[in-house]
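Worksheet: the structure to be examined is printed underneath.
The values are calculated or read from the model by the stated rules, or taken from the named source; none is laboratory data. Just so we're clear, the structure is a prediction, and the values are computed from it rather than from any experiment. Backbone-built Cβ (ideal geometry, glycine too); neighbour counts: all protein chains shown. Each accessible area value is taken on the protein alone, full model and side chains, heavy atoms only, with ligands, DNA and RNA left out. Shrake-Rupley method; radii C 1.70, N 1.55, O 1.52, S 1.80 Å.
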Amino acid sequence: MTDNFTSLLDFLPQIGEGIQVTLILTLAGALGAMIIALVLGLSMTSTHAWLRIPARIIVEFFRGTSLLVQLFWLFYVLPLLGVELDPMSCGIGALALNYGAYSAEVVRSSILTVARGQWEAAIALSLSPARRMVRIIFPQAWALMIPSLATLLIQLLKGTAVVSFITLQDLTDKINQLRMSTNDTFFSFTVGLIIYFVIAWILQELMNLLERRATARLGRKRPNSRTERRLARRLARGEGGRHDADDTAAGKGVRP
Amino acid sequence: MPPTENIAPDPDGASSTEASASGASASGTSTPAIEFKDVEKRFGTTTVLKNLNFTISPGERVALIGPSGSGKTTILRLIMTLEELTDGYIFIDGQPLTHTERNGRRVELPSKTTRAMTTRIGMVFQQFNLFPNMTVLENVIEAPIHVLKKSKDQAVQEARELLDKVGLAEKADEHPSRLSGGQQQRVAIARALAMSPEVLLLDEVTSALDPELVGDVLAVLRTIAETTDITMLLVTHEMQFAREVSDRVMMFDGGQVLEEGPPNQIFGAPRHERTRTFLSSVQ
(Lines give C-alpha, C1' and ligand atoms only; values in the text may rest on other atoms or scores of the structure.)
Protein backbone atom coordinates (compact mmCIF):
# COMPACT_ATOMS: atom_id res chain seq x y z
CA MET A 1 0.00 0.00 0.00
CA THR A 2 2.82 2.42 0.84
CA ASP A 3 4.22 1.65 -2.58
CA ASN A 4 0.98 2.81 -4.05
CA PHE A 5 1.21 6.13 -2.25
CA THR A 6 4.78 6.75 -3.33
CA SER A 7 3.88 6.03 -6.93
CA LEU A 8 0.81 8.26 -6.52
CA LEU A 9 3.11 11.01 -5.26
CA ASP A 10 5.40 10.49 -8.23
CA PHE A 11 2.40 10.55 -10.46
CA LEU A 12 0.86 13.72 -8.97
CA PRO A 13 2.18 16.16 -11.60
CA GLN A 14 0.73 13.94 -14.32
CA ILE A 15 -2.61 13.73 -12.55
CA GLY A 16 -2.48 17.49 -12.18
CA GLU A 17 -2.17 17.80 -15.96
CA GLY A 18 -5.07 15.40 -16.36
CA ILE A 19 -7.21 17.46 -14.00
CA GLN A 20 -6.28 20.55 -15.97
CA VAL A 21 -7.41 19.00 -19.26
CA THR A 22 -10.64 17.79 -17.66
CA LEU A 23 -11.34 21.23 -16.18
CA ILE A 24 -10.65 23.04 -19.44
CA LEU A 25 -12.99 20.66 -21.26
CA THR A 26 -15.64 21.09 -18.57
CA LEU A 27 -15.52 24.86 -18.38
CA ALA A 28 -15.08 25.58 -22.09
CA GLY A 29 -17.66 22.91 -22.91
CA ALA A 30 -20.09 24.40 -20.42
CA LEU A 31 -19.55 27.90 -21.79
CA GLY A 32 -20.15 26.68 -25.34
CA ALA A 33 -23.14 24.67 -24.21
CA MET A 34 -24.63 27.71 -22.49
CA ILE A 35 -24.27 29.87 -25.61
CA ILE A 36 -25.85 27.14 -27.75
CA ALA A 37 -28.56 26.61 -25.14
CA LEU A 38 -29.47 30.31 -25.08
CA VAL A 39 -29.63 30.61 -28.85
CA LEU A 40 -31.60 27.39 -29.38
CA GLY A 41 -33.71 27.70 -26.22
CA LEU A 42 -34.79 31.27 -27.04
CA SER A 43 -35.45 30.31 -30.66
CA MET A 44 -37.71 27.50 -29.48
CA THR A 45 -39.86 30.01 -27.57
CA SER A 46 -40.17 32.25 -30.62
CA THR A 47 -43.53 32.81 -32.25
CA HIS A 48 -41.82 32.62 -35.66
CA ALA A 49 -41.94 29.11 -37.07
CA TRP A 50 -38.80 29.71 -39.18
CA LEU A 51 -36.84 30.12 -35.95
CA ARG A 52 -38.66 27.63 -33.78
CA ILE A 53 -38.72 24.59 -36.07
CA PRO A 54 -35.03 24.49 -37.08
CA ALA A 55 -34.03 25.02 -33.45
CA ARG A 56 -36.25 22.15 -32.40
CA ILE A 57 -34.75 19.87 -35.07
CA ILE A 58 -31.18 20.71 -34.04
CA VAL A 59 -31.96 20.08 -30.38
CA GLU A 60 -33.63 16.74 -31.04
CA PHE A 61 -30.77 15.68 -33.30
CA PHE A 62 -28.01 16.38 -30.79
CA ARG A 63 -30.01 15.02 -27.87
CA GLY A 64 -30.80 11.88 -29.78
CA THR A 65 -27.29 10.95 -30.86
CA SER A 66 -24.53 9.62 -28.67
CA LEU A 67 -21.87 11.97 -27.34
CA LEU A 68 -19.18 9.47 -28.22
CA VAL A 69 -20.34 9.17 -31.84
CA GLN A 70 -20.56 12.96 -32.12
CA LEU A 71 -17.01 13.14 -30.84
CA PHE A 72 -15.79 10.55 -33.31
CA TRP A 73 -17.60 12.35 -36.08
CA LEU A 74 -15.86 15.63 -35.30
CA PHE A 75 -12.51 13.86 -34.92
CA TYR A 76 -12.55 11.33 -37.76
CA VAL A 77 -15.16 12.53 -40.27
CA LEU A 78 -14.52 16.27 -40.39
CA PRO A 79 -10.93 15.73 -41.62
CA LEU A 80 -12.38 13.71 -44.52
CA LEU A 81 -14.39 16.81 -45.38
CA GLY A 82 -11.23 18.88 -45.21
CA VAL A 83 -11.74 20.42 -41.77
CA GLU A 84 -9.01 19.43 -39.36
CA LEU A 85 -9.58 20.25 -35.69
CA ASP A 86 -7.22 19.53 -32.83
CA PRO A 87 -8.46 16.98 -30.29
CA MET A 88 -9.17 19.64 -27.66
CA SER A 89 -11.46 21.61 -30.00
CA CYS A 90 -13.22 18.40 -30.99
CA GLY A 91 -13.79 17.53 -27.34
CA ILE A 92 -15.08 20.98 -26.43
CA GLY A 93 -17.22 21.11 -29.56
CA ALA A 94 -18.86 17.74 -29.00
CA LEU A 95 -19.55 18.47 -25.32
CA ALA A 96 -20.93 21.92 -26.14
CA LEU A 97 -23.25 20.59 -28.84
CA ASN A 98 -24.50 17.62 -26.85
CA TYR A 99 -25.04 19.37 -23.54
CA GLY A 100 -26.09 22.58 -25.28
CA ALA A 101 -29.00 20.66 -26.80
CA TYR A 102 -30.05 19.33 -23.40
CA SER A 103 -29.66 22.75 -21.79
CA ALA A 104 -31.64 24.41 -24.59
CA GLU A 105 -34.63 22.37 -23.50
CA VAL A 106 -34.08 23.57 -19.91
CA VAL A 107 -33.87 27.19 -21.09
CA ARG A 108 -37.01 26.83 -23.19
CA SER A 109 -39.13 25.21 -20.50
CA SER A 110 -37.99 27.64 -17.79
CA ILE A 111 -38.87 30.63 -19.96
CA LEU A 112 -42.33 29.23 -20.59
CA THR A 113 -42.76 28.55 -16.86
CA VAL A 114 -42.52 32.26 -15.97
CA ALA A 115 -46.01 33.36 -14.96
CA ARG A 116 -48.23 34.59 -17.77
CA GLY A 117 -48.99 37.72 -15.76
CA GLN A 118 -45.36 38.77 -16.08
CA TRP A 119 -45.53 38.66 -19.87
CA GLU A 120 -48.81 40.53 -19.80
CA ALA A 121 -47.52 43.24 -17.47
CA ALA A 122 -44.56 43.72 -19.81
CA ILE A 123 -46.90 44.05 -22.81
CA ALA A 124 -49.10 46.47 -20.88
CA LEU A 125 -46.04 48.67 -20.35
CA SER A 126 -45.31 48.49 -24.10
CA LEU A 127 -41.85 47.02 -23.54
CA SER A 128 -40.32 45.65 -26.75
CA PRO A 129 -40.03 41.86 -27.02
CA ALA A 130 -36.24 42.01 -26.58
CA ARG A 131 -36.48 44.28 -23.56
CA ARG A 132 -39.20 42.09 -22.10
CA MET A 133 -37.02 39.00 -22.39
CA VAL A 134 -33.82 40.59 -21.07
CA ARG A 135 -35.29 42.56 -18.17
CA ILE A 136 -38.38 40.69 -17.07
CA ILE A 137 -38.66 37.11 -18.26
CA PHE A 138 -35.09 35.85 -18.41
CA PRO A 139 -34.02 36.93 -14.90
CA GLN A 140 -36.99 35.01 -13.49
CA ALA A 141 -36.43 32.00 -15.76
CA TRP A 142 -32.74 32.01 -14.82
CA ALA A 143 -33.54 31.26 -11.18
CA LEU A 144 -35.72 28.37 -12.33
CA MET A 145 -33.16 26.86 -14.69
CA ILE A 146 -30.08 26.85 -12.44
CA PRO A 147 -30.84 23.56 -10.59
CA SER A 148 -31.30 21.66 -13.87
CA LEU A 149 -28.28 23.34 -15.42
CA ALA A 150 -26.24 22.34 -12.35
CA THR A 151 -27.16 18.70 -12.90
CA LEU A 152 -26.19 18.95 -16.56
CA LEU A 153 -22.90 20.62 -15.64
CA ILE A 154 -22.00 17.69 -13.39
CA GLN A 155 -22.97 15.28 -16.16
CA LEU A 156 -20.83 17.26 -18.57
CA LEU A 157 -17.87 16.96 -16.19
CA LYS A 158 -18.31 13.22 -16.11
CA GLY A 159 -18.93 13.14 -19.85
CA THR A 160 -15.48 14.63 -20.48
CA ALA A 161 -14.02 11.19 -19.78
CA VAL A 162 -14.91 10.07 -23.30
CA VAL A 163 -12.23 12.33 -24.80
CA SER A 164 -9.56 9.85 -23.84
CA PHE A 165 -10.79 7.97 -26.92
CA ILE A 166 -9.46 10.73 -29.14
CA THR A 167 -5.93 10.83 -27.70
CA LEU A 168 -6.55 13.55 -25.11
CA GLN A 169 -4.85 12.85 -21.80
CA ASP A 170 -7.54 13.86 -19.39
CA LEU A 171 -8.04 12.75 -15.80
CA THR A 172 -9.47 9.36 -16.77
CA ASP A 173 -6.55 8.70 -19.09
CA LYS A 174 -4.03 9.62 -16.39
CA ILE A 175 -5.80 7.42 -13.86
CA ASN A 176 -5.53 4.58 -16.31
CA GLN A 177 -1.81 5.26 -16.61
CA LEU A 178 -1.58 5.25 -12.83
CA ARG A 179 -3.26 1.85 -12.81
CA MET A 180 -0.77 0.49 -15.27
CA SER A 181 2.23 1.76 -13.34
CA THR A 182 0.98 0.61 -9.92
CA ASN A 183 -0.76 -2.51 -11.13
CA ASP A 184 -3.37 -1.83 -8.46
CA THR A 185 -6.75 -1.42 -10.14
CA PHE A 186 -8.71 -0.89 -6.93
CA PHE A 187 -6.41 1.86 -5.69
CA SER A 188 -6.15 3.77 -8.97
CA PHE A 189 -9.77 3.88 -9.87
CA THR A 190 -10.73 4.77 -6.28
CA VAL A 191 -8.38 7.75 -6.49
CA GLY A 192 -10.10 8.60 -9.78
CA LEU A 193 -13.54 8.45 -8.23
CA ILE A 194 -12.50 10.70 -5.37
CA ILE A 195 -10.98 13.34 -7.65
CA TYR A 196 -14.06 13.45 -9.91
CA PHE A 197 -16.27 13.64 -6.86
CA VAL A 198 -14.35 16.57 -5.38
CA ILE A 199 -14.51 18.50 -8.65
CA ALA A 200 -18.23 17.76 -8.99
CA TRP A 201 -18.81 18.87 -5.42
CA ILE A 202 -17.02 22.18 -5.96
CA LEU A 203 -19.04 22.80 -9.15
CA GLN A 204 -22.27 22.00 -7.32
CA GLU A 205 -21.39 24.46 -4.55
CA LEU A 206 -20.72 27.16 -7.14
CA MET A 207 -24.07 26.50 -8.79
CA ASN A 208 -25.79 26.61 -5.39
CA LEU A 209 -24.20 29.99 -4.82
CA LEU A 210 -25.52 31.19 -8.20
CA GLU A 211 -28.97 29.89 -7.38
CA ARG A 212 -29.03 31.61 -4.00
CA ARG A 213 -28.08 34.88 -5.63
CA ALA A 214 -30.67 34.51 -8.38
CA THR A 215 -33.51 33.68 -6.01
CA ALA A 216 -32.47 36.41 -3.57
CA ARG A 217 -32.76 38.86 -6.43
CA LEU A 218 -36.35 37.75 -6.84
CA GLY A 219 -36.88 38.49 -3.17
CA ARG A 220 -37.43 34.80 -2.47
CA LYS A 221 -35.54 32.26 -0.46
CA ARG A 222 -34.26 29.13 -2.08
CA PRO A 223 -36.57 26.39 -0.87
CA ASN A 224 -34.95 24.19 1.75
CA SER A 225 -31.71 26.16 1.63
CA ARG A 226 -28.83 25.30 3.88
CA THR A 227 -29.38 28.42 6.01
CA GLU A 228 -32.97 27.43 6.39
CA ARG A 229 -32.09 23.92 7.53
CA ARG A 230 -29.46 25.27 9.91
CA LEU A 231 -32.03 27.63 11.35
CA ALA A 232 -34.50 24.77 11.76
CA ARG A 233 -31.93 22.71 13.61
CA ARG A 234 -31.05 25.60 15.85
CA LEU A 235 -34.70 26.23 16.65
CA ALA A 236 -35.14 22.54 17.37
CA ARG A 237 -32.32 22.75 19.87
CA GLY A 238 -34.11 25.64 21.46
CA GLU A 239 -31.70 28.45 20.65
CA GLY A 240 -33.72 30.55 18.30
CA GLY A 241 -32.29 33.82 19.58
CA ARG A 242 -29.89 34.69 16.82
CA HIS A 243 -31.88 33.68 13.79
CA ASP A 244 -32.18 37.18 12.41
CA ALA A 245 -28.52 37.12 11.51
CA ASP A 246 -29.18 34.13 9.29
CA ASP A 247 -32.09 35.75 7.61
CA THR A 248 -30.02 37.54 4.99
CA ALA A 249 -31.12 35.58 1.96
CA ALA A 250 -34.32 37.55 1.60
CA GLY A 251 -32.63 40.88 1.19
CA LYS A 252 -31.79 44.07 2.86
CA GLY A 253 -32.46 43.08 6.43
CA VAL A 254 -34.89 45.94 6.86
CA ARG A 255 -37.82 44.50 8.67
CA PRO A 256 -41.21 45.95 7.96
CA MET B 1 -45.76 43.07 -51.72
CA PRO B 2 -44.06 45.03 -48.94
CA PRO B 3 -46.16 47.20 -46.67
CA THR B 4 -46.49 50.70 -48.02
CA GLU B 5 -48.49 52.50 -45.38
CA ASN B 6 -46.05 55.40 -45.29
CA ILE B 7 -46.93 56.44 -48.84
CA ALA B 8 -50.36 55.02 -49.44
CA PRO B 9 -53.25 57.43 -49.05
CA ASP B 10 -55.38 56.64 -46.10
CA PRO B 11 -58.85 55.52 -47.15
CA ASP B 12 -60.22 56.22 -43.70
CA GLY B 13 -59.33 59.85 -44.04
CA ALA B 14 -58.02 59.75 -40.50
CA SER B 15 -55.39 62.40 -39.93
CA SER B 16 -52.58 59.89 -39.40
CA THR B 17 -52.28 56.16 -39.63
CA GLU B 18 -48.91 55.94 -37.98
CA ALA B 19 -48.94 56.02 -34.24
CA SER B 20 -45.44 57.31 -33.66
CA ALA B 21 -47.50 60.37 -32.98
CA SER B 22 -46.91 63.74 -31.52
CA GLY B 23 -47.68 62.33 -28.13
CA ALA B 24 -49.92 65.28 -27.56
CA SER B 25 -53.32 63.76 -27.51
CA ALA B 26 -56.91 64.34 -27.15
CA SER B 27 -57.89 66.50 -30.02
CA GLY B 28 -61.45 67.69 -30.27
CA THR B 29 -64.26 66.37 -28.18
CA SER B 30 -65.69 64.64 -31.22
CA THR B 31 -63.02 61.90 -31.34
CA PRO B 32 -63.81 59.13 -28.91
CA ALA B 33 -61.00 57.94 -26.63
CA ILE B 34 -61.95 54.35 -27.40
CA GLU B 35 -64.10 53.01 -30.19
CA PHE B 36 -65.13 49.39 -30.78
CA LYS B 37 -66.33 48.74 -34.30
CA ASP B 38 -67.97 45.41 -35.13
CA VAL B 39 -65.68 43.67 -32.69
CA GLU B 40 -65.78 39.92 -32.57
CA LYS B 41 -63.75 37.68 -30.31
CA ARG B 42 -63.78 33.91 -30.41
CA PHE B 43 -61.75 31.47 -28.34
CA GLY B 44 -61.75 28.34 -30.46
CA THR B 45 -65.39 27.70 -31.16
CA THR B 46 -66.69 29.82 -28.27
CA THR B 47 -67.80 33.27 -29.30
CA VAL B 48 -67.18 35.65 -26.42
CA LEU B 49 -67.98 38.93 -28.14
CA LYS B 50 -69.99 39.45 -31.30
CA ASN B 51 -70.81 42.60 -33.28
CA LEU B 52 -69.80 44.78 -30.39
CA ASN B 53 -69.98 48.52 -31.03
CA PHE B 54 -69.49 51.26 -28.49
CA THR B 55 -67.54 54.45 -27.93
CA ILE B 56 -66.03 56.00 -24.83
CA SER B 57 -65.39 59.72 -24.65
CA PRO B 58 -62.11 61.23 -23.47
CA GLY B 59 -62.08 61.50 -19.68
CA GLU B 60 -65.12 59.31 -19.26
CA ARG B 61 -65.19 56.72 -16.44
CA VAL B 62 -67.01 53.60 -17.47
CA ALA B 63 -67.72 50.62 -15.26
CA LEU B 64 -68.25 47.27 -16.97
CA ILE B 65 -70.40 44.97 -14.90
CA GLY B 66 -72.03 41.65 -15.54
CA PRO B 67 -71.85 37.97 -14.68
CA SER B 68 -68.53 36.19 -15.12
CA GLY B 69 -68.05 34.96 -18.65
CA SER B 70 -69.97 37.91 -20.06
CA GLY B 71 -66.85 39.17 -21.85
CA LYS B 72 -66.06 42.29 -19.83
CA THR B 73 -62.48 41.32 -18.95
CA THR B 74 -61.95 40.26 -22.57
CA ILE B 75 -62.79 43.82 -23.61
CA LEU B 76 -60.00 45.22 -21.44
CA ARG B 77 -57.59 42.55 -22.65
CA LEU B 78 -58.41 43.34 -26.29
CA ILE B 79 -57.69 47.03 -25.73
CA MET B 80 -54.38 46.16 -24.05
CA THR B 81 -53.58 43.82 -27.01
CA LEU B 82 -53.27 40.84 -24.66
CA GLU B 83 -55.78 39.03 -26.83
CA GLU B 84 -56.01 39.04 -30.57
CA LEU B 85 -59.07 40.48 -32.20
CA THR B 86 -60.94 37.86 -34.25
CA ASP B 87 -62.71 40.48 -36.34
CA GLY B 88 -63.53 44.16 -36.30
CA TYR B 89 -61.56 47.22 -35.26
CA ILE B 90 -60.57 49.10 -32.14
CA PHE B 91 -59.65 52.77 -32.36
CA ILE B 92 -57.81 54.69 -29.70
CA ASP B 93 -58.17 58.43 -30.08
CA GLY B 94 -59.43 57.83 -33.62
CA GLN B 95 -56.39 55.79 -34.63
CA PRO B 96 -56.52 52.07 -35.36
CA LEU B 97 -54.97 49.90 -32.66
CA THR B 98 -54.24 46.52 -34.22
CA HIS B 99 -56.02 46.42 -37.58
CA THR B 100 -57.00 48.95 -40.15
CA GLU B 101 -59.14 48.92 -43.25
CA ARG B 102 -57.30 49.50 -46.48
CA ASN B 103 -59.02 49.25 -49.87
CA GLY B 104 -61.91 47.45 -48.27
CA ARG B 105 -59.69 44.84 -46.66
CA ARG B 106 -58.86 44.30 -43.02
CA VAL B 107 -55.10 44.55 -42.57
CA GLU B 108 -53.03 43.92 -39.47
CA LEU B 109 -50.79 46.81 -38.43
CA PRO B 110 -47.07 46.24 -37.82
CA SER B 111 -46.40 45.27 -34.22
CA LYS B 112 -44.28 48.38 -33.69
CA THR B 113 -47.19 50.59 -34.64
CA THR B 114 -49.47 48.72 -32.28
CA ARG B 115 -46.89 48.96 -29.50
CA ALA B 116 -46.59 52.71 -30.03
CA MET B 117 -50.37 52.91 -29.65
CA THR B 118 -50.37 50.88 -26.43
CA THR B 119 -48.06 53.40 -24.74
CA ARG B 120 -51.20 55.52 -24.36
CA ILE B 121 -52.94 52.72 -22.50
CA GLY B 122 -52.18 51.53 -18.98
CA MET B 123 -53.53 48.48 -17.23
CA VAL B 124 -53.75 47.32 -13.64
CA PHE B 125 -54.27 43.59 -13.13
CA GLN B 126 -56.14 41.53 -10.61
CA GLN B 127 -52.91 39.75 -9.62
CA PHE B 128 -50.77 42.98 -9.55
CA ASN B 129 -48.03 41.35 -11.70
CA LEU B 130 -45.19 43.39 -10.28
CA PHE B 131 -41.77 42.28 -11.53
CA PRO B 132 -40.23 40.31 -8.63
CA ASN B 133 -36.68 40.72 -9.92
CA MET B 134 -36.85 44.50 -9.44
CA THR B 135 -37.36 46.83 -6.53
CA VAL B 136 -40.53 48.87 -6.28
CA LEU B 137 -38.81 51.89 -7.77
CA GLU B 138 -37.29 49.87 -10.62
CA ASN B 139 -40.73 48.49 -11.42
CA VAL B 140 -42.04 52.01 -11.83
CA ILE B 141 -39.15 53.51 -13.84
CA GLU B 142 -38.53 50.58 -16.23
CA ALA B 143 -40.99 51.53 -18.94
CA PRO B 144 -40.67 55.34 -18.70
CA ILE B 145 -36.91 54.97 -19.28
CA HIS B 146 -36.95 52.29 -21.95
CA VAL B 147 -40.19 53.00 -23.75
CA LEU B 148 -40.72 56.73 -23.30
CA LYS B 149 -36.93 57.31 -23.33
CA LYS B 150 -37.00 59.54 -20.28
CA SER B 151 -33.77 60.28 -18.47
CA LYS B 152 -33.17 58.19 -15.39
CA ASP B 153 -33.18 61.23 -13.09
CA GLN B 154 -36.50 62.42 -14.43
CA ALA B 155 -38.05 58.96 -14.28
CA VAL B 156 -36.88 58.44 -10.70
CA GLN B 157 -38.20 61.81 -9.63
CA GLU B 158 -41.60 61.20 -11.21
CA ALA B 159 -41.72 57.68 -9.80
CA ARG B 160 -41.05 58.95 -6.30
CA GLU B 161 -43.83 61.51 -6.67
CA LEU B 162 -46.21 58.78 -7.81
CA LEU B 163 -45.20 56.43 -5.00
CA ASP B 164 -45.79 59.28 -2.61
CA LYS B 165 -49.21 59.80 -4.17
CA VAL B 166 -50.14 56.16 -3.53
CA GLY B 167 -48.72 56.38 0.00
CA LEU B 168 -45.69 54.17 -0.51
CA ALA B 169 -42.79 56.60 -0.82
CA GLU B 170 -40.84 54.82 1.90
CA LYS B 171 -41.13 51.44 0.14
CA ALA B 172 -39.27 52.53 -3.01
CA ASP B 173 -36.25 50.31 -2.43
CA GLU B 174 -38.11 47.25 -1.18
CA HIS B 175 -38.72 44.10 -3.15
CA PRO B 176 -42.36 43.60 -4.11
CA SER B 177 -42.43 40.28 -2.23
CA ARG B 178 -42.05 42.19 1.04
CA LEU B 179 -45.20 44.24 0.46
CA SER B 180 -48.76 43.34 1.29
CA GLY B 181 -51.21 42.70 -1.54
CA GLY B 182 -52.76 46.12 -1.15
CA GLN B 183 -49.36 47.80 -1.24
CA GLN B 184 -48.36 45.78 -4.31
CA GLN B 185 -51.51 46.85 -6.07
CA ARG B 186 -50.84 50.50 -5.28
CA VAL B 187 -47.33 50.11 -6.72
CA ALA B 188 -48.91 48.57 -9.82
CA ILE B 189 -51.16 51.62 -10.12
CA ALA B 190 -48.15 53.92 -9.79
CA ARG B 191 -46.33 51.86 -12.42
CA ALA B 192 -49.22 52.24 -14.86
CA LEU B 193 -49.53 55.98 -14.17
CA ALA B 194 -45.80 56.51 -14.72
CA MET B 195 -46.47 56.03 -18.43
CA SER B 196 -48.92 58.98 -18.34
CA PRO B 197 -51.61 56.92 -20.05
CA GLU B 198 -54.62 58.51 -21.68
CA VAL B 199 -56.62 55.38 -20.95
CA LEU B 200 -56.41 53.35 -17.75
CA LEU B 201 -57.83 49.83 -17.65
CA LEU B 202 -58.63 48.36 -14.25
CA ASP B 203 -59.28 44.63 -14.27
CA GLU B 204 -60.90 43.56 -10.99
CA VAL B 205 -58.10 45.29 -9.14
CA THR B 206 -59.43 44.51 -5.66
CA SER B 207 -60.60 40.94 -6.22
CA ALA B 208 -57.37 39.33 -5.04
CA LEU B 209 -57.09 41.46 -1.91
CA ASP B 210 -57.99 40.72 1.67
CA PRO B 211 -61.08 42.75 2.56
CA GLU B 212 -59.22 45.04 4.96
CA LEU B 213 -56.78 46.05 2.19
CA VAL B 214 -59.40 46.97 -0.39
CA GLY B 215 -60.06 50.40 1.09
CA ASP B 216 -56.57 51.80 0.52
CA VAL B 217 -56.55 50.75 -3.12
CA LEU B 218 -59.99 52.21 -3.76
CA ALA B 219 -58.97 55.45 -2.04
CA VAL B 220 -56.01 55.76 -4.42
CA LEU B 221 -58.24 55.15 -7.44
CA ARG B 222 -60.78 57.67 -6.17
CA THR B 223 -58.03 60.30 -5.94
CA ILE B 224 -56.92 59.53 -9.48
CA ALA B 225 -60.49 59.82 -10.69
CA GLU B 226 -60.89 63.16 -8.95
CA THR B 227 -57.55 64.74 -9.80
CA THR B 228 -56.89 63.61 -13.38
CA ASP B 229 -58.82 63.43 -16.62
CA ILE B 230 -57.63 59.94 -17.56
CA THR B 231 -60.22 57.87 -19.37
CA MET B 232 -60.95 54.93 -17.09
CA LEU B 233 -62.48 51.58 -17.91
CA LEU B 234 -63.07 49.38 -14.93
CA VAL B 235 -64.25 45.84 -14.53
CA THR B 236 -65.27 45.44 -10.93
CA HIS B 237 -67.40 43.62 -8.46
CA GLU B 238 -67.27 46.57 -6.06
CA MET B 239 -70.64 48.00 -7.00
CA GLN B 240 -70.46 50.80 -4.45
CA PHE B 241 -67.15 51.92 -5.94
CA ALA B 242 -68.48 51.62 -9.50
CA ARG B 243 -71.39 53.77 -8.51
CA GLU B 244 -69.16 56.40 -6.94
CA VAL B 245 -66.52 56.91 -9.63
CA SER B 246 -68.22 56.05 -12.90
CA ASP B 247 -70.06 58.35 -15.28
CA ARG B 248 -71.60 55.41 -17.09
CA VAL B 249 -72.24 51.78 -16.34
CA MET B 250 -72.40 49.13 -19.04
CA MET B 251 -74.12 45.89 -18.10
CA PHE B 252 -72.83 42.95 -20.15
CA ASP B 253 -74.46 39.65 -20.71
CA GLY B 254 -73.39 36.99 -23.18
CA GLY B 255 -70.93 39.30 -24.97
CA GLN B 256 -73.56 42.00 -25.58
CA VAL B 257 -74.31 45.29 -23.87
CA LEU B 258 -77.58 44.47 -22.17
CA GLU B 259 -78.14 48.00 -20.99
CA GLU B 260 -76.16 51.08 -20.15
CA GLY B 261 -76.69 54.38 -18.46
CA PRO B 262 -75.65 56.62 -15.59
CA PRO B 263 -74.91 54.68 -12.39
CA ASN B 264 -77.97 55.98 -10.62
CA GLN B 265 -80.23 54.61 -13.31
CA ILE B 266 -78.50 51.22 -13.64
CA PHE B 267 -78.20 50.66 -9.91
CA GLY B 268 -81.40 52.46 -8.93
CA ALA B 269 -83.83 51.55 -11.67
CA PRO B 270 -82.45 48.85 -13.96
CA ARG B 271 -84.66 48.16 -16.98
CA HIS B 272 -83.78 44.54 -17.47
CA GLU B 273 -84.73 41.67 -15.24
CA ARG B 274 -81.26 40.14 -15.75
CA THR B 275 -79.57 43.29 -14.51
CA ARG B 276 -81.77 43.23 -11.44
CA THR B 277 -80.94 39.60 -10.65
CA PHE B 278 -77.26 40.23 -11.25
CA LEU B 279 -77.18 43.26 -8.98
CA SER B 280 -79.03 41.50 -6.19
CA SER B 281 -76.62 38.56 -6.46
CA VAL B 282 -73.53 40.73 -5.94
CA GLN B 283 -74.83 43.13 -3.32
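Every residue in the stretch A:155-196 that is in a helix (DSSP H, G or I), of a type in the set (S, T, N, Q) and touching a helix residue (DSSP H, G or I) at 6+ places or on another chain (Cβ under 9 Å), please. Scanning the stretch A:155-196 gives A:155, A:160, A:164, A:172, A:176, A:177, A:181, A:182, A:185, A:188.
Out of contact with any Leu (no Cβ under 8 Å at 6 or more places or on another chain) and over 27 Å from residue A:207 (Cα atoms) - does that describe any residue in the stretch A:128-151? Yes: the stretch A:128-151 contains one or more residues that are out of contact with any Leu (no Cβ under 8 Å at 6 or more places or on another chain) and over 27 Å from residue A:207 (Cα atoms).
The strands (runs of 3 or more DSSP E) found entirely in the stretch B:40-107 that carry 2 or more residues being touching a residue at least 24 places away in the same chain (Cβ under 8 Å) and open to solvent by 20 Å² or more (accessible area, probe 1.4 Å) are B:46-56, B:87-92, B:99-102. Among the residues of the stretch A:211-227, are any touching a Ser or Thr at 6+ places or on another chain (Cβ under 6 Å) and surrounded by 14 or more Cβ atoms within 10 Å (Cβ to Cβ)? Yes; the residues of the stretch A:211-227 include at least one that is touching a Ser or Thr at 6+ places or on another chain (Cβ under 6 Å) and surrounded by 14 or more Cβ atoms within 10 Å (Cβ to Cβ). In the stretch A:61-109, of all residues being among the acidic types (Asp, Glu) and touching a helix residue (DSSP H, G or I) at 6+ places or on another chain (Cβ under 8 Å), the one that is modelled with the highest pLDDT corresponds to A:105.
Taken over the stretch A:27-53, the criterion of being more than 22 Å from residue A:134 (Cβ to Cβ), open to solvent by less than 70 Å² (accessible area, probe 1.4 Å) and more than 24 Å from the chain's Cα centre (by Cα) is satisfied by A:49 alone. Across the stretch A:103-154, the qualifying residues are those that are away from every other protein chain (no Cβ under 14 Å) and not hydrophobic (A, V, I, L, M, F, W, C), and the one among them that is surrounded by the most Cβ atoms within 10 Å (Cβ to Cβ) is A:103.
Scanning the stretch B:179-191 for residues that are more than 9 Å from chain A (Cβ to nearest Cβ) and either within 23 Å of residue B:119 (Cβ to Cβ) or of a type outside the set (Gly, Ala, Ser) (or both) yields B:183, B:184, B:185, B:186, B:187, B:189, B:190.
All conditions but one from (1) open to solvent by 10 Å² or more (accessible area, probe 1.4 Å); (2) away from every other protein chain (no Cβ under 12 Å) apply to residue B:112; the one that does not is (2). I'd like to know if the stretch B:127-145 contains one or more residues that are modelled with pLDDT of 95 or more, among the small types (Gly, Ala, Ser) and out of contact with any helix residue (DSSP H, G or I) (no Cβ under 6 Å at 6 or more places or on another chain). Scanning the stretch B:127-145, I find at least one residue that is modelled with pLDDT of 95 or more, among the small types (Gly, Ala, Ser) and out of contact with any helix residue (DSSP H, G or I) (no Cβ under 6 Å at 6 or more places or on another chain), so the answer is yes. The residues of the stretch B:151-178 that are more than 10 Å from chain A (Cβ to nearest Cβ), closer than 24 Å to residue A:133 by Cα and surrounded by fewer than 18 Cβ atoms within 10 Å (Cβ to Cβ), listed by number, are B:151, B:152. Checking each residue of the stretch A:139-154 against the condition of being over 19 Å from residue A:96 (Cα atoms) and either of a type in the set (S, T, N, Q) or not in a helix (DSSP H, G or I) (or both) gives at least one match. Selection over the stretch B:115-137 of residues that are in a helix (DSSP H, G or I) and either more than 9 Å from every other protein chain (Cβ to nearest Cβ) or buried (at least 23 other Cβ atoms within 10 Å of the Cβ) (or both) gives a count of 4. When residue B:196 is tested against (1) surrounded by 18 or more Cβ atoms within 10 Å (Cβ to Cβ); (2) within 14 Å of another protein chain (Cβ to nearest Cβ); (3) polar (S, T, N, Q), exactly one condition is not met: (1). Would you mind telling me which numbered condition in (1) more than 18 Å from residue B:58 (Cα to Cα); (2) outside any helix (DSSP H, G or I); (3) touching a residue at least 24 places away in the same chain (Cβ under 8 Å) residue B:184 fails? Single failed check for residue B:184: (2).
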